[in-house]
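Asks: Dropping the structure in here first, questions after.
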Amino acid sequence: MEAGDHDKSVIGNQDGYVCPSKSTRHVVTKPRRQRLLLSTDSGFADAVLPSLVQNPYIELRLITDEPSALLAGTNKIPHYMDTVDSQTFDKKTQGRKWLKAKTAELCEWADMLVVAPIDAGALGSMLAGLTNTLTLALLRGWLSDKPVILIPGMTVSEWNHPLSTRQLEDIKRYWRWVHIVQPVLWKSNGPEELTQLAWEGLKELHQLLETSLGLPAWDATLTQASDMDGAATVAESSKQALSKKTTNSATVSALRHLQKHWPNAESKARSLPLELWLNIFETQLADWETAKAVGIPTHLPVPQEWQSHLLKMSTPASLEYTILRGSFAAIKKRIDALPRWKPLSDLACHLIVKFSRTDILSYLTENHLDLLWTTSRLTNIPYRASAIYGNPTVLKWWCDAPALPNKEYKADAMDGASRAGFIDVLDWWLNSGLPLRYSERALESASAEGRVAVLDWWKDASSKAPRSKPLPLKVGKSVLLAAQSGRIASIAWWDASGIPYSHAENVARIASTHGHVHVLDFWYRLKGPKMIFDNQVLVGPTKNGHDHVLQWWKDCGMRVEFKTCDIEEALEDAVSGADGRVRRWWERNGLNLGVGTREWMKPKIL
């Protein structure tokens with residue numbers, strides 16, 4: 001069976017174009033697009049595919065052995081397997097027979113062949129006239145009046161080898177219709193590890209396509225294809241959602257928005273130029289996984305956890321890489337091949353929840369419950385979707401999943417959502433119909449993180465809750481934790497909220513211990529001379545080396561008491577490197593440690 005059984009598939013904005021025949025040549029209003037045949041692999045597809053898919057003057061077909069890991073959004077592009085496996089074909093079809101027929105068909109169909117990349121072995125096979133793959137058969141039978149572009153893909157040592165130089169000279173001399181573009185090079189990065197070096201040949205490739213196929217200027221084409229009204233909408237939403245501090249829920253929203261605006265055959269949606277997408281994904285979002293998932297070729301560094309999952313030569317894509325880049329059919333195939341009761345990796349679970357892959361979750365519950373139950377990160381979906389990823393979509397799936405009848409969850413789900421500021425998740429829980437479970441940590445952590453919007457949400461939800469289902473506010477030590485974290489906004493919110501709270505008498509001591517002079521200033525403005533504190537207020541800053549806090553208390557104008565015994569003990573326990581600084585401060589301000597026991601225990605005024 002060939003992967004190209006979908007030859008009648010329509011791609012991009014192919015609709016409306018008619019291939020002129022002899023009888024209709026003078027009545028066709030639109031010229032047919034230039035037919036480009038691209039032989040590639042998923043390790044290099046990101047570098048060339050996006051710009052080819054976007055170009056309205058190109059009709060594209062693909063040759064690849066890795067259709068599952070191709071660029072997202074190209075599933076409607078016809079593709080063919082490169083390697084001919086005789087076991088795939090029945091006796092009537094036969095692999096060699098199919099290869100010859102498909103080669104002849106594509107040689108006539110295509111206006112240009114691009115092989116990106118072609119490795120050292122394939123280059124040698126090409127010069128020797130071998131035809132054991134579809135790409136090699138096309139190179140062997142290609143008509144010399146049609147151009148071919150080769151992008152060598154080799155290790156640095158292979159590229160610098162004299163044989164490579166000789167082979168390239170032979171191509172230049174005897175294969176005049178073949179153009180060579182700047183190579184893609186790899187270098188060793190440890191045992192069985194290759195790292196791709198930066199490739200700067202995209203502009204050269206575009207220029208060759210323009211001159212060889214008579215295409216309009218590349219940049220002008222992509223800019224002209226952009227809808228300016230849509231661009232303004234996308235840019236504005238990207239500015240709001242794709243900041244460096246974007247939450248995971250905003251990342252998912254950005255992905256959905258990108259899917260909406262990315263070109264496709266059904267809607268013919270217009271898109272921003274690739275350069276603007278690069279700026280958004282590199283500068284604003286700075287998320288390698290998201291960029292890789294949607295096929296934006298950024299220069300973002302590969303995260304450490306992905307190093308072992310990058311595609312290597314002659315190695316099939318891992319489950320994690322397939323989840324990130326592959327089709328659902330390919331993902332199911334990879335899952336089916338897993339041993340029973342073997343937990344999915346943490347990275348696989350991360351991708352499933354981050355990108356709202358409820359289709360994968362449903363497949364696991366329907367076909368592989370053993371994998372689901374042995375994977376700890378998938379057995380606590382309420383917490384992970386609420387507190388870590390902020391993903392109501394996954395929460396809804398969990399709530400509705402018939403294979404998971406137990407809807408029990410712990411308070412850490414809502415507590416964690418409050419800490420992270422995921423108000424949309426809190427809304428989901430409020431409207432889910434499930435019993436709401438939360439603890440003092442919900443308001444405490446929101447206060448400690450300065451999540452004033454979350455505090456507003458809890459106050460509003462509590463005031464609107466029906467008497468039959470009250471939503472009491474569990475204040476806990478919220479004000480203390482806000483003071484400890486230096487969150488003035490949270491302290492101001494609690495002071496103005498009208499909600500009773502405790503531990504106000506300890507705010508000054510906690511702020512002093514943690515070195516927050518700005519909290520002391522703010523608290524003093526709120527409370528004035530009535531600000532409550534005790535003779536332990538100077539112990540914490542002495543122990544932690546906060547001499548600036550000690551100076552604030554000296555200058556505040558209030559009566560501040562301390563005991564010599566407490567200060568001496570604090571100096572003995574002072575953090576390394578700060579003990580000398582605070583000791584000198586106390587010496588300058590009249591502390592005398594050489595006193596009798598009675599004087600040593602007696603309260604003194606700063």
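The values are calculated or read from the model by the stated rules, or taken from the named source; none is laboratory data. Values in this document were obtained by computation on a predicted structure and should not be read as measured data. Cβ coordinates were reconstructed from backbone atoms using ideal geometry, including for glycine residues, and neighbour counts include every protein chain displayed.
Asks: Considering each residue of the range 125-140, count those that are closer than 18 Å to Asp170 by Cα and either in contact with a Ser or Thr (Cβ under 6 Å, 6 or more places away or on another chain) or of a type outside the set (S, T, N, Q) (or both), and give that number.
Replies: The qualifying residues number 8.
Asks: Under the condition of being among the hydrophobic types (A, V, I, L, M, F, W, C) and touching a helix residue (DSSP H, G or I) at 6+ places or on another chain (Cβ under 8 Å), which residue from the range 496-510 is surrounded by the fewest Cβ atoms within 10 Å (Cβ to Cβ)?
Replies: Top of the filtered list is Ile499.
Asks: Return the residues of the range 397-411 that are outside any loop (DSSP other than H, G, I, E, B) and not acidic (Asp, Glu); say none if nothing qualifies.
Replies: Trp397, Trp398, Cys399 - these are the residues of the range 397-411 that are outside any loop (DSSP other than H, G, I, E, B) and not acidic (Asp, Glu).
Asks: For the range 78-119, how many residues are of a type outside the set (Ser, Thr, Tyr) and either in a strand (DSSP E or B) or modelled with pLDDT under 80 (or both)?
Replies: Within the range 78-119, residues that are of a type outside the set (Ser, Thr, Tyr) and either in a strand (DSSP E or B) or modelled with pLDDT under 80 (or both) number 17.
Asks: Would you check which residues across the range 348-369 are under 15 Å from Thr379 (Cα atoms), surrounded by 14 or more Cβ atoms within 10 Å (Cβ to Cβ) and not hydroxyl-bearing (Ser, Thr, Tyr) and list them?
Replies: Matches in the range 348-369: Ala348, Cys349, His350, Ile352, Val353, Ile360, Leu361, Leu364, His368.
Asks: If you don't mind, there's one more thing I want to ask. Under the condition of being crowded, with 19+ Cβ neighbours inside 10 Å and not in a helix (DSSP H, G or I), which residue from the range 120-146 is modelled with the highest pLDDT?
Replies: Out of the qualifying residues, it is Trp142.
Asks: If you don't mind, there's one more thing I want to ask. In the range 155-201, what residues are out of contact with any helix residue (DSSP H, G or I) (no Cβ under 7 Å at 6 or more places or on another chain), outside any loop (DSSP other than H, G, I, E, B) and charged (D, E, K, R)?
Replies: Arg166, Glu169, Lys172, Arg173
Asks: Inspect all residues belonging to the range 345-366 and state whether any of them is closer than 30 Å to Met154 by Cβ, touching a His at 6+ places or on another chain (Cβ under 9 Å) and not assigned by TED's automatic domain parsing to the domain that holds Leu52.
Replies: Checking the range 345-366: at least one residue is closer than 30 Å to Met154 by Cβ, touching a His at 6+ places or on another chain (Cβ under 9 Å) and not assigned by TED's automatic domain parsing to the domain that holds Leu52.
Asks: Condition first: at pLDDT 80 or above and hydroxyl-bearing (Ser, Thr, Tyr). Now tell me which residues in the range 19-60 satisfy that.
Replies: Within the range 19-60, Ser39, Thr40, Ser51, Tyr57 qualify.
Asks: Kindly indicate whether any position in the range 568-589 is touching a residue at least 24 places away in the same chain (Cβ under 8 Å), in contact with a strand residue (DSSP E or B) (Cβ under 9 Å, 6 or more places away or on another chain) and outside the structural domain of Glu449 (by TED's automatic domain parsing).
Replies: No, there is no match, as no residue in the range 568-589 is touching a residue at least 24 places away in the same chain (Cβ under 8 Å), in contact with a strand residue (DSSP E or B) (Cβ under 9 Å, 6 or more places away or on another chain) and outside the structural domain of Glu449 (by TED's automatic domain parsing).
Asks: Residues being part of a loop (DSSP other than H, G, I, E, B) and in contact (Cβ under 8 Å) with a residue 40 or more places away in the chain: count how many of those fall in the range 342-396.
Replies: The qualifying residues number 5.
Asks: On to the next question. Within the range 473-495, does at least one residue satisfy the condition of being farther than 16 Å from Val519 by Cα, part of a loop (DSSP other than H, G, I, E, B) and out of contact with any helix residue (DSSP H, G or I) (no Cβ under 9 Å at 6 or more places or on another chain)?
Replies: no
Asks: Further question on the same structure: Looking at the range 400-414, is at least one residue over 27 Å from Pro343 (Cβ atoms) and touching a Ser or Thr at 6+ places or on another chain (Cβ under 6 Å)?
Replies: Scanning the range 400-414 turns up no residue that is over 27 Å from Pro343 (Cβ atoms) and touching a Ser or Thr at 6+ places or on another chain (Cβ under 6 Å).
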